[in-house]
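Here's the structure, in structure tokens; my notes come after.
The values are calculated or read from the model by the stated rules, or taken from the named source; none is laboratory data. Model, not experiment: these values are computed from the prediction. Cβ coordinates were reconstructed from backbone atoms using ideal geometry, including for glycine residues, and neighbour counts include every protein chain displayed.
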Amino acid sequence: MAKGMYYYIKQAWKKPDAATLRQRMIDWRASNVFTVVDKPLRLDKARALGYKDKKGFVIVRVRVPRGGHKRPRPNKARRSKRMTNRKTLKMSYNWIAELRAEKRFSNLEVLNSYPIGKDGIFYFFEVIMVDPSKPEIQNDKNINWIIKNENKNRAAHGITSAGKKSRGLRGKHPTNKSRPSVGAGDSKGK
């Protein structure tokens, strides 16, 4: 049976060319934290997550530093008895990238995001963003749900795909303590 183009793009991303990827990382490290790109690098993933090549859709490459999240040490005044400097962040890097992109591009709404690479210092993500003011978006019945008030600041409310996964809302089991939220379940959920 003949396979489609997106199947082969997906297979190529499973084992990418090391030399090409290395050169990309060098270029991306030298570029800005937020870079608006013309086309998505992983077309199959972008299309699966709702991207369309039309006015109103914007792809932003976001760079997020890797490593642990540490609490700042107090430089004066009293210290707590147990000085824990390790901060266990319950947010994925993917969600952090979406939040930062949403804060930077306040006129756009985050639709979704996906990873495109990582090196020893940074994670790189492509965030799909939508401009709700464009008539092409307002007249498209498949995407115009994003202009409603309840879908404003989706990343900050944790209702993007990465946000829901980080909040533990993927499972539907009735005894799941993450529903309706981790706070409502006495923080037992995560």
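From the list Glu102, Glu126, the lone residue that is part of a helix (DSSP H, G or I) and closer than 30 Å to Leu43 by Cβ is Glu102. Scan segment 122-163 for residues that are closer than 18 Å to Gly56 by Cα and among the hydroxyl-bearing types (Ser, Thr, Tyr) and jot them down. The one that is closer than 18 Å to Gly56 by Cα and among the hydroxyl-bearing types (Ser, Thr, Tyr): Ser133. For first residues located in segment 40-53 and more than 12 Å from Ile128 (Cβ to Cβ), partners that are among the hydroxyl-bearing types (Ser, Thr, Tyr) and lie 6+ apart or on another chain with Cβ distances below 7 Å form the pairs Asp44/Tyr6. Counting only residues that are of a type outside the set (A, V, I, L, M), over 29 Å from Ile146 (Cβ atoms) and in contact (Cβ under 8 Å) with a residue 24 or more places away in the chain, segment 80-132 holds 2 of them. Here segment 92-142 is the region considered, the condition is being hydroxyl-bearing (Ser, Thr, Tyr) and surrounded by fewer than 22 Cβ atoms within 10 Å (Cβ to Cβ), and the residue that is farthest from Phe34 (Cα to Cα) is Ser133.
In segment 59-70, the residues that are touching a residue at least 60 places away in the same chain (Cβ under 8 Å) and within 23 Å of Ala46 (Cα to Cα) reach residues that are of a type in the set (D, E, K, R) and in a strand (DSSP E or B) with C-beta atoms within less than 6 angstrom, at least six apart or across chains, in these pairs: Ile59/Glu126; Arg61/Glu126. Filtered by the rule that a residue be surrounded by 10 or more Cβ atoms within 10 Å (Cβ to Cβ) and among the β-branched types (Val, Ile, Thr), segment 1-25 gives a lone residue, Ile9.
Selection within segment 36-79: residues that are small (Gly, Ala, Ser) and assigned to a loop (DSSP other than H, G, I, E, B). The member of this set that is surrounded by the fewest Cβ atoms within 10 Å (Cβ to Cβ) is Ala77. When Ile146 is tested against the conditions (1) of a type in the set (A, V, I, L, M); (2) loosely packed, with under 15 Cβ neighbours inside 10 Å; (3) over 30 Å from Pro16 (Cβ atoms), the lone failure is (2).
Can you tell me which residue in segment 11-39 is modelled with the lowest pLDDT, limited to those that are closer than 28 Å to Asp131 by Cβ and in contact with an Asp or Glu (Cβ under 8 Å, 6 or more places away or on another chain)? Checked segment 11-39; the qualifying residue modelled with the lowest pLDDT is Trp13. Just to be sure I understand the filter: pairs with C-beta atoms under 8 Å, separated by 6 or more residues or on different chains, first member in segment 141-163 and more than 13 Å from Asp131 (Cα to Cα), second member aromatic (Phe, Trp, Tyr). Which pairs pass? Within 8 Å, the pairs are Ala155/Trp95; Gly158/Trp95; Thr160/Trp95; Ala162/Trp95; Gly163/Trp95. Could you say whether any residue in segment 152-169 is part of a helix (DSSP H, G or I) and polar (S, T, N, Q)? Yes, segment 152-169 contains at least one residue that is part of a helix (DSSP H, G or I) and polar (S, T, N, Q). Taken together, the criteria exclude Arg82 from residues that are surrounded by fewer than 20 Cβ atoms within 10 Å (Cβ to Cβ) and modelled with pLDDT of 95 or more. Flag set for Ile146, criterion: assigned to a helix (DSSP H, G or I) and of a type in the set (A, V, I, L, M, F, W, C).
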